[in-house]
Amino acid sequence: MIDDPKNIFKSFQENGVIHFDDIFEKNLCSQAINTLKDCEVELKDDTNKVGLVTENIENKIYIKYYQGLFSVDPVFRKFFSYKLMRIGKTLLQEEDLYFSDIETHIRNPGGSSIPHHQDNFYFNLANAKGLTFYIALNSHDINVGGLNYIVGSHIKRVIPHSLSSEAGFSSGISSSTIKDKGLKNKEIYQPVYLPGAITIHHPENIHYASPVKNNDQRSFALSVRIFSSSEIIDQEGVERYKKLLSKNRS
């Protein structure tokens, strides 16, 4: 990133996704996992709210999606790192950026999947000047719920999403829409994650994850969002998203 920012920027523009290892210390990642597990101890009932979605698996409550972690525990604030801001400045070619949110996505054995989707269907950034940083807290890959990215799919802009029944994800892209948009045979990027590695994707890159089989490992990740301060919100998109959200959440 430091030695060759132009080619890094070019690669991201073409592919809509890029990966780096060794961004965060393994010990910090372990602290974050332990804190998330401590949060689960306090959960008494299964919930499907906008900021917190859980899964009841064999009568135990597990977190799948938890938003707004900055205020939950100081350990999560350490992932609002200047390292990410420096990367963001290179990939967005913007100086004035801000951290929008930090959340966790956990793949639980026996739990649900993540449907094909674009983050900007949820974000509704008019100019797509944003980034999602997927931060691996433990080792995992596509076999235990790691993300799959459709390379170059971001050039289609936001494409139609329909109602999803998957926990924590109100909207998804159907297989027929993937086919109709000419994306069915696109290359799929499937990172292998070590603790502290990150994958950064464009807000209109299409990505998804398969469910984790029973008796397999849990996969822990954080998602940090960085937006350009010049961005404006597409209000029509917000209303479209809210309609599906109301049908997916309790």
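Considering only residues in region 54-68 that are over 20 Å from R225 (Cα atoms) and polar (S, T, N, Q), the one that is modelled with the lowest pLDDT turns out to be N59. In region 93-127, the residue that is nearest to the chain's Cα centre (by Cα) out of those that are more than 28 Å from E236 (Cβ to Cβ) and assigned to a loop (DSSP other than H, G, I, E, B) is S113. Only one of the numbered conditions (1) modelled with pLDDT of 95 or more; (2) crowded, with 23+ Cβ neighbours inside 10 Å; (3) on the phi > 0 side of the Ramachandran plot is violated by G110, and that is (2). Consider region 162-205 and keep the residues that are small (G, A, S) and in contact with a helix residue (DSSP H, G or I) (Cβ under 6 Å, 6 or more places away or on another chain). The one that is surrounded by the fewest Cβ atoms within 10 Å (Cβ to Cβ) is G196.
Looking only at residues of region 24-53 that are within 18 Å of S164 (Cα to Cα) and of a type in the set (V, I, T), we find that the one that is modelled with the lowest pLDDT is V50.
Looking across F80, F133, F99, F123, one residue alone is within 30 Å of E14 (Cβ to Cβ) and modelled with pLDDT under 95. It is F123. Only one entry of I102, I57 meets the criterion of being touching a Leu at 6+ places or on another chain (Cβ under 7 Å) and either surrounded by 21 or more Cβ atoms within 10 Å (Cβ to Cβ) or on the phi < 0 side of the Ramachandran plot (or both), and that entry is I102.
Among the numbered conditions (1) among the hydrophobic types (A, V, I, L, M, F, W, C); (2) over 30 Å from N59 (Cα atoms); (3) outside any loop (DSSP other than H, G, I, E, B), the only one that I135 does not meet is (2).
On inspection, I155 qualifies as among the β-branched types (V, I, T), more than 14 Å from the chain's Cα centre (by Cα) and modelled with pLDDT under 95.
For region 38-74, taking the residues that are aliphatic (A, V, I, L, M) and under 19 Å from the mean Cα position of the chain (by Cα), the one that is farthest from F24 (Cα to Cα) is identified as V50.
The values are calculated or read from the model by the stated rules, or taken from the named source; none is laboratory data. What you see is a predicted model, and the numbers here were worked out from it, not measured in a lab. Backbone-built Cβ (ideal geometry, glycine too); neighbour counts: all protein chains shown.
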